[in-house]
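Notes follow the structure.
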Amino acid sequence: MKHTEALNQMRLGVCYYPEQWPEELWDDDFRRMKELGISVVRVAEFAWSVFEPSEGQFDFSLFDRALELAHKHGIKVIIGTPTATPPAWLTHQYPEVLNATYEGVLLRHGLRRHYNYNSVKYHELSAIITRKLAEQYKQHPAVIGWQIDNEFNCEIGEFYSQADHDAFREWCKRKYGTLDNLNEAWGTRFWSQTYSQWEQVFLSRPNAGGNQPNPHLALDEKRFVSDSTIAYAKIQADILREVVPHHWITTNGLFGHLDSHRLQDDLLDFFSYDSYPQFSTIHYDARDERPLADRKWSQTLGAVRSISPQFCIMEQQAGPGGWVNKMDMPSPKPGQMRLWTYQSIAHGANMVLYFRWRTATSGQEIYWHGLNDYHNGPNRRLREAGEIGAELAKVGERIAPTSFAADIALVRDYDNEWDGEYDVWHGPFSKASGTAWYKALTRRHIPSDTLCMRPGITTLAQLQRYKVLVYPHPAIMRDETAELLTEYVRGGGIVIFGCRTGYKDERGHCYMRPFPGAAAELTGISVEEFTVVKGTRTPVSIQWAGAEGSEGALTGAESFNDILRPEAPSVEVVAAFASDYYAGKPAVTRNRVGAGEAWYFGAVFDEAAAGQLLDRLGIVSPAARWLALPEEVELAIRENEQGPLHFLLNYSEQPAILTLHEPKTDLLTGSKLSGTVALDGFGVMILI
Ligand code: GAL
């Protein structure tokens, strides 16, 4: 049973590290938090050496005192289990707990996340510290929940210690039963890779190509890392469920090689994410003249929402970010911190904790700024946090019970992501197409979700929440997934695929069938020929016939072209390639199946092509009837039976001019608005 009640109210919080500060500061810290409207702190996720200064010697006194003070000020506490930072005594005494590089070099003490998930010793020591902590704080009146570890697979998502190689071999035995099955799955006849004894099986290791493992092994390796992470987290979750069944459990972060959906389903009450939008504003698609930088974060928040519809932001950016040796992010401008906080809330966060209360004065993160500066006096960031605290105290109750609403979902899945990290013939395309679609949608103010396709788990009802599913390049497609999508389409759904769809099975073998393999029947086409578009190939264009009431258009067909051939009478050719030897051949098709449609786009999507498809499908913003917005402003909708909340988030520093054709009220200010309205630079409105 999930503790879903945990997110029934809107909470503002902050990450706090009492162990890093003189004790005289604590009381004032909690008092000032309370004044800002902060009602929860997360503590202790890196404090193992405080709790257990040497093996088997425990000392909870520092946190006992800190939690007592938090309680005195009415502040609730989330305890992080401290296993992301094993102490020096531990790794020195038991080096077998350390992670290792691909080459086998041990990753030593000194940063964090230097342990591996498969060391029996680490399991044992993690279980002890988790149980001790849970026993210590199970009755504490301030404690409400637990964060397991911190950011699984952050810093590093690859594991090559001895324990990992050994565990992988056992994982393979469980998965394949016999070496014959394993050899078949990994296609080892190729280049004489056949294994004749289990002792010969390892995770990938340096080879003549450097780092070029067998591709099927490489895919299994990622599945193994994900399973190892979840099995490790389960050790802690089981203890917490046993000792503190009245508290909720979460973990934070969204990193590679981890099926976070399964982690959530199996172990957590809800998911938490750490939101630093400046990673996107400074890195996002610098070549794009209209990059929509902050919106990359909205897209990521959509991925978080696919794991848990309402969630916690365990770390929300509260100032400039930077480590001593890397990352040097500008200071958020006035209003930006508030804007990003509402971005999280608009996308489904019901609990938001700033990272962190005060900037650290020593260590790696002396430039990762918290709400307070080193000097600890008043500053702009604190004022902004106080403003948000006061607003949420007023409107939080109206927002908390609502959920994000979208009619269109971008589909992704772990198999293709993991296979695509190695396979350059489809891997890079998903990200490019996903970004193109998200930009096209958000520029048109069409809210969208992410949907994770999970073979054997995803249901028809889950798909049917959406009118349109865009599944850009599912190279790996099981027949059962194609069947599920076919049912969805028959029932009236619209599915859109891009090039390289359906040609691999779940092992990563190519089907001996015409492309698009598993999706051939649903799309009603075959791929007559295909080519990578690079080198001597001049980029090709696609000529679209005019949609009803609109002109024809030319769009790009980058990176890869699938030249299509209709195979079923129900297929209509919507657009054709405009150049090269396949000029005039079908590039975009639509197959009507039952009450729905299956589209095939024979290239990697760009924004213009996504726009063409949206036009042809007649998909517009759900607020189009009454609201005109410039593209700098994001529209996100949360709703419940009381009606929709329209979040308007202005990512531009300049005021944005909106036109309201119907009178609305801004929930945040209570102002009645109609006609032409200015939304401040970095401003937020919630229209009802
Ligand atoms: C997160 C992490 C925090 C802190 C922050 C800033 O990834 O959970 O502990 O390190 O980034 O670097």
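Bear in mind that the values in this text are calculations on the coordinates, not laboratory data. Small disclaimer: the values here were computed from a predicted structure and weren't measured. Positions of Cβ are backbone-derived with ideal geometry, glycine not excepted, and every protein chain shown enters the neighbour counts.
Quick notes
- The chain: antiparallel DSSP beta bridges as a percent of all, rounded to 5: 55 percent
- Per-residue ellipticity at 222 nm computed for the chain from its helices equals -9500 deg cm²/dmol, with DSSP H segments shorter than 4 residues left out and the rest contributing -39,500 (n - 2.57).
- Scattering curve values for the stretch 408-617, log₁₀ I(q)/I(0), Debye with Cα scatterers, q = 0.15, 0.16, 0.17 Å⁻¹: -0.89, -1.03, -1.19
- A simple charge model with +1 on the Cβ of Lys and Arg, -1 on the Cβ of Asp and Glu and nothing else charged puts the dipole of the stretch 356-413 at about 220 debye relative to its Cα centre.
- Lys, Arg +1 and Asp, Glu -1 on Cβ, resulting dipole of the stretch 408-617 about Cα centre, debye, nearest 20: 320 debye
- Averaging the Cα positions of each part gives two centres, and for the stretch 334-352 and the stretch 1-39 these lie 17 Å apart.
- Taken about its Cα centre, the chain carries a charge dipole of roughly 780 debye when the Cβ of each Lys and Arg holds +1 and the Cβ of each Asp and Glu holds -1.
- Environment charge of VAL533, counting only residues whose C-beta is closer than 10 Å and scoring Lys/Arg +1, Asp/Glu -1: 0
- Legend: ranking of residues ARG500, ARG205 from fewest to most surrounding C-beta atoms inside 10 Å; resulting order ARG205, ARG500.
- Reported to the nearest whole Å, the Cα centre-to-centre distance from the stretch 172-248 to the stretch 622-656 is 45.
- Positive dipole terminus of the chain, leading residue within LEU267, GLN364, VAL77 (C-beta point charges): VAL77
- Distance from the Cα centroid of the stretch 82-97 to that of the stretch 431-454 is 42 Å (rounded to whole angstrom).
- A protection proxy built from the mean count of other Cβ atoms within 10 Å ranks the segments 525-531, 147-153, most packed first, as 147-153, 525-531.
- Where trypsin sites (Lys or Arg not before Pro) fall in DSSP loop in the stretch 319-409, at most 16 other Cβ within 10 Å: LYS326
- Each listed q (0.17, 0.26 Å⁻¹) maps to a log10 I(q)/I(0) for the stretch 627-687 from the Debye sum over equal C-alpha point scatterers, namely -0.51, -1.18.
- Seen from ILE688, the other residues with C-beta closer than 12 Å to its C-beta sum to a net charge of +1, counting Lys and Arg as +1 and Asp and Glu as -1.
- Qualifying GluC sites (Glu not before Pro) in the stretch 1-88, where qualification requires a DSSP coil assignment and no more than 14 other C-beta atoms within 10 Å, comprise GLU55.
- Selection from SER448, LEU7, SER652, by position along the positive dipole direction of the chain (Cβ): SER652
- Within the stretch 408-617, antiparallel bridges make up roughly 60 percent of the DSSP beta bridges whose residues both belong there.
- Rounded to whole Hz, the Karplus (6.51, -1.76, 1.60) HN-Hα couplings of the stretch 122-139, x for glycine and proline: 5, 4, 4, 5, 5, 5, 5, 5, 5, 5, 4, 4, 5, 4, 5, 10, 5, 9
- Each peptide in 464-471, 176-183 was scored by the mean count of other Cβ atoms within 10 Å over its residues; highest first, the order is 464-471, 176-183.
- Relative contact order of the chain, pairs being alpha-carbon contacts under 8 Å that are 6 or more residues apart, as %: 10 percent
- For the chain, alpha-carbon Rg over 2.2 N^0.38 Å: 1.00
- In plain terms, the bigger the Kirkwood radius, the slower the diffusion; for the stretch 311-389, with that radius from Cα pairs, at 4 °C and 1.567 mPa s, Stokes-Einstein puts D at 101 µm²/s.
- Counting Lys and Arg as +1 and Asp and Glu as -1 over every other residue whose Cβ lies under 10 Å from the Cβ of HIS114, the net charge comes to +2.
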